[in-house]
Amino acid sequence: MNPGDKDQIAASLAKVMAMMCVRNTGLEALHAGTVPATRTGDYSDVFVLDADGRRIP
């Protein structure tokens, strides 16, 4: 087996692992979640509200 074959096998393995570990899982659903809306266009009017009711810009 030459080094080129090993590189091709490693690349294929990496793609399969990424598909199985990240794609079509809860993590992908989390990243595809609700996107905040902004009226200013630069997201300066968007904030995070924590469990204690504090606003985090």
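The values are calculated or read from the model by the stated rules, or taken from the named source; none is laboratory data. Every value quoted in this text rests on a predicted model; they were computed, and no experiment measured them. Using ideal geometry, Cβ is built from the backbone for each residue, glycine included, and neighbour counts are taken over all protein chains shown.
Quick notes on this one:
- The numbered conditions (1) surrounded by 10 or more Cβ atoms within 10 Å (Cβ to Cβ); (2) modelled with pLDDT of 80 or more are all true for residue 56 except (1).
- Within the span defined as the range 4-18, every residue fails to be loosely packed, with under 10 Cβ neighbours inside 10 Å, in a loop (DSSP other than H, G, I, E, B) and either among the small types (Gly, Ala, Ser) or in contact with a Ser or Thr (Cβ under 6 Å, 6 or more places away or on another chain) (or both).
- Taking the criterion of being in a loop (DSSP other than H, G, I, E, B) and either touching a Gly at 6+ places or on another chain (Cβ under 9 Å) or not hydroxyl-bearing (Ser, Thr, Tyr) (or both), the residues of the range 24-45 that qualify are 24, 32, 33, 35, 36, 37, 39, 41, 42, 45.
- The test for being within 22 Å of the chain's Cα centre (by Cα) and at pLDDT below 80 does not hold for residue 38.
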